[in-house]
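Scroll down for the structure; my scribbles are underneath it.
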Amino acid sequence: MLIVLVTGSFTTVLNQTLVTPAIPSIMTEMSVDAATAQWLTTGFTLVNAIMIPITAYLQDRFPTRRLFLVSMALFAVGSAMTGCATSFPVVLCGRLIQAAGAGMLMPMTMTVLLVSFPVDKRGSAMGLFGLVIAFAPAIGPTIAGIIIDRLDWHIMFFIVTFFAVVVIVAALFLMENRPPANKGDAVLDPLSLTLSTLGFGLMLYGFSAVGTHGLTAFNSACTAIGIVGVAWFFVRQTRLEHPMLRVEVLRNRRFLVATVIGMLVQGALLAAGILMPIYIQTLMGYSATLSGLVLMPGAILMGVMNPIAGKLFDKHGPRKLGVIGMVLLTITTCAFATLTFVTPIWFITALYTLRMFSMALVNMPITTWGMNALDNKLMNHGTSVNNTLRQVAGSLGTAVIISVSSLVTNAAQGSMGWADAQLLGIDVAFAVCAALCLIGAAITIALVKDRPADEASEDRAGERRSLLESIMKTDVYAVAQTATVADAMRLFVDKGISAAPIVDGEGRPVGFISDGDILKRLSPRSGSVIDPIVMIMNSAYDDRDYNERLEQLMAAPVSEIGARRSIGVSIHASLPEVCRVLAENHLKKVPVMEGDVIVGIINRSDITQYSMQAYLDHRPDEVVLCGEGEREDCEQRD
C-alpha cells in the first residue's frame, strides 16, 4: 500500500514540474503569450488550493480506496486530455482536471500513511514518502527537457497517464478500503465552496488578464468581485459551526506572520520557475534539456537542505535561519533582475542554486516556527490554512509577476526589438519578485524572534509561568566557566545532584556538565556510547594508571569536559514544550530561563508527579485501590 500511495503522489508531483520547460514550446505551437501560458501553472496551483479544504470533508465522507481511485482517475483523464490537446483551452482544461485529482491526493496520502502505520513505523513510512516526493522536482525539468528536445511535449503527458493507470490498477488490489472516520460529522457548506471557488478564481483571472488585455472595465470588475468573494468567504468561516477552513488560527500573531512570509516566498518561487525557461530557451537559444539541467542542482540542494535546516532550527531557532535565508533570497533575486543576453549559463545555474538554498533556510524553519505557536488540537487546521494560502499566493504572485512582464514587454516593443523588450520584461518581473522578497525580509527581521521572546509574548496572562514556578526547583546550582572538574565533582557530592549548567562571569549559561561526561573521560572507551557504570568498571583494568588519569581529569577546566552549549527552556514555555526539550535531548533535568538568567531547574520526575496528581485530582471517583483479598471484588467493579 505504501508503494501505491508514494507512486501516486510521486506521479502528481512530477507532473507539476514537467510542464515548466514545456511552456516555451506550448507558447510557440499554440500562439499564446506568457501571460496566457502561465495559467497552466497558475490555474493548476489555484485548483490545488481550492481542493485542500474540500479533501478534509471528502475524507470524512467516503472510504479511502474509493476516494484514492477517483482522485487518480481524475488525474489520468486530465493527463490524457492534455496530451491529446491541439488548442490551448483544451490543454488548460486538462491541467485543471489534473489539479482536481492531485489536490485531493496529497493530503489524503499523508492522512492514510499516518493512520495506517503503527507509531513505531510512521517515521520510516514518512521518511520514504518525503524522500521520493523531494526527488520528483529534481528530475522533472530534466526529463521534460529531454523529451521535448528528442520527441514532443505531448509525449510527457501520455507517460504520466500511463503511470496513473498503473497506480489505479495496483490500488484496486493493494489499497485497504478503510471506512470514513467521521461520516456523521461531515458537513460541507455550499456557499463557502462557491465563494472560495469564484472569489479566488475571479480575483486571479482579473490580475492575469491585465497582462494580456490591459486594464479594462471587465478585468477590474472581475478583480473587485473576486476580492469581495474572498473577504466574504473568510468572514463566513468565522461564523460557521463546521467551517470549510478554520481561519481563526490566523488570530495567532506568530502563525499569521509565518503564513505571510511563506506566501511571499511562494509567489516569488513559482513566478521564477516560469520566467527561467522562457529566458533560457526563448532568449538565450538553449535547449529544453539544458533548461532542465540548470534547474536540477537547485532542486536537489533544496531537498537535501530541508532536513538539515530542521536540525539547525532545533539548535538555533528560527530568527538566524530566517534572516539569513530572506536576505540571501532578496540578493539573488535582485541579481536575476540584471540578466542580459551574454550572462554565462554557469552563472545562472549557480545563482539559481544559491536562490533555492536560501529558500530552504526560510520555508521549513519559518513554517515550523508558526505551526509551533498553535495548540495541538488546531495543528491540522493550521496545516490546511497555511497550505491553502501558500498555494493561492503562489497562483496570485505568478499571475501578477507574469502580467508585469507582459505589460513591460508590450509597452517596450515600440521602441526596441522584440527580444530586447522580452528581456526587459523578464528583468522587471524579477525586480517585482525582489520587492516581494524584500518585504518578506523586513517582516522576518522585525517580527520573527527566537523562542523565549515568542513564548513571553504568548504568555501575557502569566499562566504558563505560574505553572512552571509551581513545579520547578528554585535552588539553582551552577559551575563557573573557570572552575575545574574537581570543583564540579565537589558540587555534585555536596548538593546531591548529577549535573549542573556552566555559567560565565555574568551568570549566563554557556555549557552543561554531568557525571556522565566525567565518567566517559575516565573510560578507555570514551568514544563508545555505552553505560557510564560499565565505562568506569572497564577503566579499572586499563594499562594506564587509573589514579593518574583521574588526577589529570580533575584538574581540567569544566568547559573542556562538559557540553559546549546550554539547553534551557523559557519560564513562559508550555509544559508540552518542556517535555519535548527533555525527551529530544535525552535529559533528566533542564534549566528554566528568564531572558539570559537561570531562575530554576525542572526535572522529569517533577513533571511526572505533577501530571499524575493533576490526573487523579480530576478523576477521584474513578480510582479504585485494591488491598490484599480484595482483588476479585476490584476487578468486578472495574
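The values are calculated or read from the model by the stated rules, or taken from the named source; none is laboratory data. Computed from a prediction, not measured in an experiment: that's the story for all the values here. Cβ coordinates were reconstructed from backbone atoms using ideal geometry, including for glycine residues, and neighbour counts include every protein chain displayed. In case anyone asks, the SASA skips ligands and DNA or RNA and just uses the protein heavy atoms, side chains included. Shrake-Rupley method; radii C 1.70, N 1.55, O 1.52, S 1.80 Å.
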Condition met for F492 (touching a Pro at 6+ places or on another chain (Cβ under 6 Å) and either at pLDDT 70 or above or assigned to a strand (DSSP E or B) (or both)): no
So F255, is it closer than 29 Å to K449 by Cβ, modelled with pLDDT of 80 or more and of a type outside the set (S, T, N, Q): yes
Residues satisfying the stated conditions in segment 257-295, i.e. of a type outside the set (G, A, S) and part of a loop (DSSP other than H, G, I, E, B): M284, Y286
Selection count where residues are open to solvent by less than 10 Å² (accessible area, probe 1.4 Å) and either free of Cβ contacts under 8 Å to residues at least 60 places away in the same chain or β-branched (V, I, T) (or both), scope segment 248-285: 7
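Would you call G440 modelled with pLDDT under 85 and of a type in the set (G, A, S)? If you could, list the steps in order and put the result at the bottom.
Details: modelled with pLDDT under 85: no; of a type in the set (G, A, S): yes.
Considered against the rule, which asks whether it is modelled with pLDDT under 85 and of a type in the set (G, A, S), G440 comes out as no.
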Residue ID - farthest from P297 (Cα to Cα), chosen from residues in segment 141-159 that are within 31 Å of the chain's Cα centre (by Cα) and open to solvent by 30 Å² or more (accessible area, probe 1.4 Å): I159
Filtered residues of segment 504-524 (kept if open to solvent by less than 20 Å² (accessible area, probe 1.4 Å) and part of a strand (DSSP E or B)): G511, I513
In segment 331-349, the residues that are within 15 Å of L283 (Cα to Cα) and in a helix (DSSP H, G or I): F336, I345, I348
Test result for R236, surrounded by fewer than 22 Cβ atoms within 10 Å (Cβ to Cβ), modelled with pLDDT of 80 or more and more than 23 Å from T409 (Cβ to Cβ): yes
Selection count, segment 387-432, where residues are over 21 Å from the mean Cα position of the chain (by Cα) and either part of a helix (DSSP H, G or I) or under 30 Å from L245 (Cβ atoms) (or both): 29
Pick from segment 286-328, criterion basic (K, R) and modelled with pLDDT of 75 or more, ranking: least open to solvent (accessible area, probe 1.4 Å): R319
Segment 173-205 - residue that is of a type in the set (A, V, I, L, M, F, W, C), open to solvent by 30 Å² or more (accessible area, probe 1.4 Å) and not in a helix (DSSP H, G or I) and, of those, modelled with the highest pLDDT: L188
Qualifying residue in segment 118-128 (condition: open to solvent by less than 40 Å² (accessible area, probe 1.4 Å) and either modelled with pLDDT of 65 or more or more than 28 Å from the chain's Cα centre (by Cα) (or both)): no
Verdict on L329 being under 26 Å from L423 (Cβ atoms) and not small (G, A, S): yes
